[in-house]
Each structure stands twice: as C-alpha cells, then as structure tokens.
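Every number here is computed from the coordinates shown, using simple stated rules; none is lab data. Here the structure is a predicted model, which is why all the values come from computation and not from measurement. Quick reminder, even Gly has a Cβ in these numbers, built from the backbone with ideal geometry, and neighbours come from all protein chains shown.
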Amino acid sequence: MLEGLANSLQRALAKLKAKGKLTEEDVQEAMREVRLALLAADVNVKVVKDFVERVRARAIGQEVQQSLTPGQQVVKIVYEELTELMGGSQTRLRMAPHPPTVVMMVGLQGSGKTTTTAKLALSFRRHQHRPLMVAADVYRPAAIRQLEVLGRQIDVPVFSLGEGEDPVRIAEAGVAEARRMGADVVLIDTAGRTHVDEALMQELERMQAQVHPDEVLLVVDAMMGQDAVHVAEAFHTRLGVTGVVLTKLDSDTRGGAALTIRAVTGCPIKFVGMGEKIEPLEAFHPDRLASRILGMGDVLSLIERAQQAVDEQTAKEMEQKLRQARFTLDDFRQWLQQAQKLGPLDQLLSMIPGVNKLKGIENLSWDDKRFKRMEAIILSMTPEERANPDVMNASRRRRVANGSGVTVREVNQLLNQFEQMQQMMKRFSGLGRRFGRRGAAL
Ligand code: GDP
Ligand code: MG
C-alpha cells in the first residue's frame with residue numbers, strides 16, 4: 001500500500017536522520033524531496049505546498065527535544081503533519097440515538113458501493129448489531145441480485161421492491177421494514193453513474209430528504225487519484241457527505257486520494273476497502289497510515305514481525321507471564337535470543353513509539369559479543385535470583401560479576417536493562433491487546 005510514496009519519503013528523511021546537526025540548507029533540501037515525493041504520489045498541488053510549508057516552519061524553528069536528534073525530530077514533525085493531514089484521529093460512525101441508524105451509501109458506478117455495503121453490514125453483524133441492507137440501485141441490471149447474493153453469503157437480510165420501483169420509495173420502505181423487524185442499522189445501497197450527473201444528484205437529495213440518514217457515506221475508488229478528490233467535492237457540495245470510504249487501497253494506488261480528500265473537502269475518511277473479498281470493513285487510522293508511510297512506530301507490523309519469529313507457544317507463555325508480572329531474567333534471556341532472530345534490534349526497537357526515550361536502551365549495542373556477555377551474566381545467577389532479581393544485593397552482584405568474567409558495573413547495567421525491558425514488555429502486551437485484533441472495524 002502506497003509503497004512508492006513510502007519509499008521516496010523515507011529516502012528523503014533518511015539523510016536527515018543520519019546527521020547530528022541540521023543546517024537550514026539540510027532542511028530545505030529534504031523539504032524539496034518531500035515535495036517531489038508527494039507530487040509524484042498525486043497529492044493536490046496546493047495541499048503539498050501548505051504541507052511542506054508547515055513542516056519547514058516547524059522544523060526550522062524547532063523546539064529542542066533531548067530524546068531525539070534534530071533529524072529524528074523532523075521525521076516526527078512530518079509524521080505528525082501527515083497524520084493531521086489525513087484527519088488526526090480515527091473518526092467513527094455516527095449512530096442514531098434512537099435506532100435504526102440509517103446509512104446512505106453513495107458514489108460513482110464501480111467505486112465499490114455494493115461491496116462496501118456488504119462489508120459494513122458484516123462489521124455490524126460481528127458487533128452484535130442487526131443490520132438490514134436495502135437494494136436501491138434499480139438502474140444497473142442485476143444490482144439487486146448482487147446485493148441479495150452478498151446478503152445470503154454474510155447472513156444479513158436484504159430489502160428490495162424490484163427493478164421498476166422508485167429508489168426513494170424503496171429507501172423509505174426499507175427503513176420502515178427495519179423498524180418492523182427490529183433491525184437497528186439500515187444500509188442503503190444506491191445507484192451510481194460513471195460520472196457525477198444532475199439526475200443522480202437530484203435522486204439522492206430526494207432520498208436524503210425522505211429518510212434523514214445519520215450517515216451519508218461516499219464510496220470512492222482510491223485508484224482515481226485526484227479525480228477521486230473532485231468526485232468527493234461534487235458529492236459533498238450537494239449532499240453534505242459525513243464520511244468517505246476509500247476503496248481499492250489494496251491495489252497499486254499512489255496515495256493522492258488518501259492524503260488529499262480530507263484536506264480539500266473536510267470530510268473524514270472513515271473506512272478503507274482493502275480487497276474484493278467480503279470481510280469486515282477496516283477503520284481508517286490516520287496515525288497508523290502515516291507511520292506505515294514513514295516506516296516507523298508501526299506497532300501492528302512490529303507485533304506481526306515479532307510473532308512470526310517467536311513461536312506461538314512461547315509468545316503465549318510470555319504474554320501470560322507478563323500479565324501476571326512473572327517476567328523473569330530467564331524469560332529475558334529467551335527474549336534476547338528471539339530478538340536476535342528478528343534482525344537488527346535497534347531498528348526493531350525504533351519502531352516502538354517512545355522507546356528511544358527509555359533510558360539505557362538507546363546506548364545498547366546489540367552485537368553478538370554483547371549478547372553473549374549478557375547471557376553469561378544471567379547464567380551465573382542462581383535460579384532463585386533469576387526469578388526474583390530483587391534479591392540481587394551488592395555481594396551477590398559481585399559474585400555474579402566474578403562468575404561471568406565481567407565488571408559489577410555491567411551486572412548493574414544488565415539488571416537495569418532488564419527492568420526497562422520488563423516495563424516495555426508490559427506496555428507491549430497492553431498494546432497487543434488494544435490494537436492486536438484485526439478487523440475491529442467500528
Ligand atoms: P458499485 O458499482 O459501486 O456498487 O461497485 P461494486 O461494489 O459492484 O464493485 C465494483 C468492483 O470493484 C467489483 O469488482 C468489486 O469486487 C471491486 N472492489 C470493491 N471494493 C474493492 C476493494 O476494496 N479492493 C479491490 N481490489 N476491489 C474492490
Ligand atoms: Mg452497486
């Protein structure tokens with residue numbers, strides 16, 4: 001997803017990260033590259049201009065932060081501005097205080113309305129709602145059948161009146177049917193045209209006036225790039241779109257739509273479509289996409305990577321131990337071994353937001369020799385000491401240092417690092433529980 005943009009932005013910023021001190025020219029040069037990267041990704045010219053200006057101003061007059069190098073600080077600014085550009089934080093669906101919640105799905109033909117309607121219905125069903133889908137596209141041949149087939153597939157009822165009917169009447173009758181059967185969410189799948197046209201807009205406006213939707217979700221194809229932004233503007237002007245679903249982000253899109261729609265129209269992107277298969281719709285998280293684009297802080301992918309290497313069972317046991325606060329030095333040793341398998345550890349650690357702020361960890365060089373010494377220290381401890389490092393008083397520390405051929409200082413360091421790691425792992429397992437469930441869409 002958005003690989004081209006990610007690569008060029010990361011390349012532009014990598015040079016800054018490597019420098020200890022930044023001159024104004026360094027920042028200018030990097031901003032030139034950032035600008036080109038965004039333009040190549042088909043981001044709106046004015047949006048690019050404003051964006052670069054904001055980053056430049058903040059980067060040059062930057063607050064000094066002790067935990068980050070100036071280069072890292074610029075990366076952080078870009079991350080924050082990218083997140084802000086895409087809407088800041090996740091925007092959720094507005095639910096009616098008195099059910100049913102009515103959602104109108106609108107957009108051009110082929111944008112993915114029907115597919116997205118089914119995905120959204122499935123998300124609701126998974127969250128213990130009772131959705132009803134309404135087939136209000138009477139123009140496209142077999143559009144009603146398409147929705148009915150999807151309904152059967154995901155076990156969600158579909159309301160329709162047949163092809164000769166007025167879509168506005170179908171929508172109204174659909175909402176009435178939802179009340180009758182006790183459905184608490186009504187998803188109205190509407191017709192689209194190949195381009196924005198007056199007759200369609202009038203029909204949608206009439207429908208909106210009749211059913212008073214809580215949400216008007218505009219489905220747009222991310223592959224359309226800047227055209228998607230124009231479509232969004234057109235729909236928003238007429239209907240007051242409450243949220244955008246950006247589909248086909250799984251395809252080879254350059255990213256322009258994702259980065260521009262919110263800034264230009266003011267409409268938040270609420271969901272993204274990531275495939276043709278009917279799976280729960282994915283919520284849109286600006287911060288996660290920004291961190292994915294910049295290749296840092298993506299806790300989700302970090303956890304995924306970690307889980308590939310750590311065998312499932314070990315991971316589970318560790319999580320259990322962490323929850324019960326039984327993470328011992330033996331586990332730490334095991335963790336170090338697993339961590340070695342994952343590749344460059346500093347890179348891995350840098351992906352966890354805030355980790356470089358943990359004292360002691362930043363100046364750890366995770367080379368083989370270092371690891372062997374740490375292992376030796378742990379192995380020189382008694383099982384009791386490993387299980388409960390609190391008992392490590394001065395004389396025990398001296399004994400372990402002698403036993404493993406290191407200085408007492410190194411033993412102290414290791415124990416400090418263990419404590420840091422313990423804290424981090426605790427946070428880590430908390431994050432896993434909060435973010436780790438995929439498809440938690442709503
Ligand atoms: P509608 O005309 O707006 O109702 O669009 P449809 O839901 O019929 O979808 C049009 C085409 O786009 C179909 O072939 C879908 O399978 C495909 N499609 C919809 N959403 C996505 C998506 O998120 N990713 C991909 N790759 N294809 C999608
Ligand atoms: Mg359709």
Just for the Cα atoms in the range 3-85, what are the lengths along the principal axes, largest first, rounded to whole Å? 35, 22, 21
Once the Cβ-Cβ distance between GLU53 and SER89 is put in as r, and R0 is 25 Å, what FRET efficiency do you end up with, to the nearest 0.05? 0.60
The range 101-284: Rg to Rh, with Rh as the Kirkwood radius over Cα pairs: 0.94
How many nm separate the modelled label positions at LEU39 and GLN337, each set 7 Å beyond the Cα in the direction of the Cβ? 5.5
Coil-residue trypsin sites (Lys or Arg not before Pro) of the range 83-186, DSSP, other Cβ within 10 Å capped at 14: ARG92, ARG94
Order of ASP42, ASP26, ASP50, ASP155 under a 10 Å beta carbon neighbour criterion, fewest first: ASP155, ASP50, ASP26, ASP42
Where does each of LEU239, LEU379, LEU132, LEU289 land when they are ranked from fewest to most other beta-carbon atoms within 10 angstrom? LEU379, LEU239, LEU289, LEU132
Please figure out what share of the DSSP beta bridges in the range 101-284 is antiparallel and state it in percent, rounded to the nearest 5. 5
Starting with the fewest neighbours, write out TYR79, TYR139 ranked by other beta-carbon atoms found within 10 Å of each beta-carbon. TYR139, TYR79
Please go through the residue pairs LYS248/LYS270; LYS15/LYS369; LYS15/LYS270; LYS17/LYS270 and name each one whose alpha carbons sit more than 26 Å apart in this structure. LYS15/LYS369; LYS15/LYS270; LYS17/LYS270
Volume per residue that the Cα convex hull of the range 152-216 spans, once the total is divided by residue count, Å³: 116
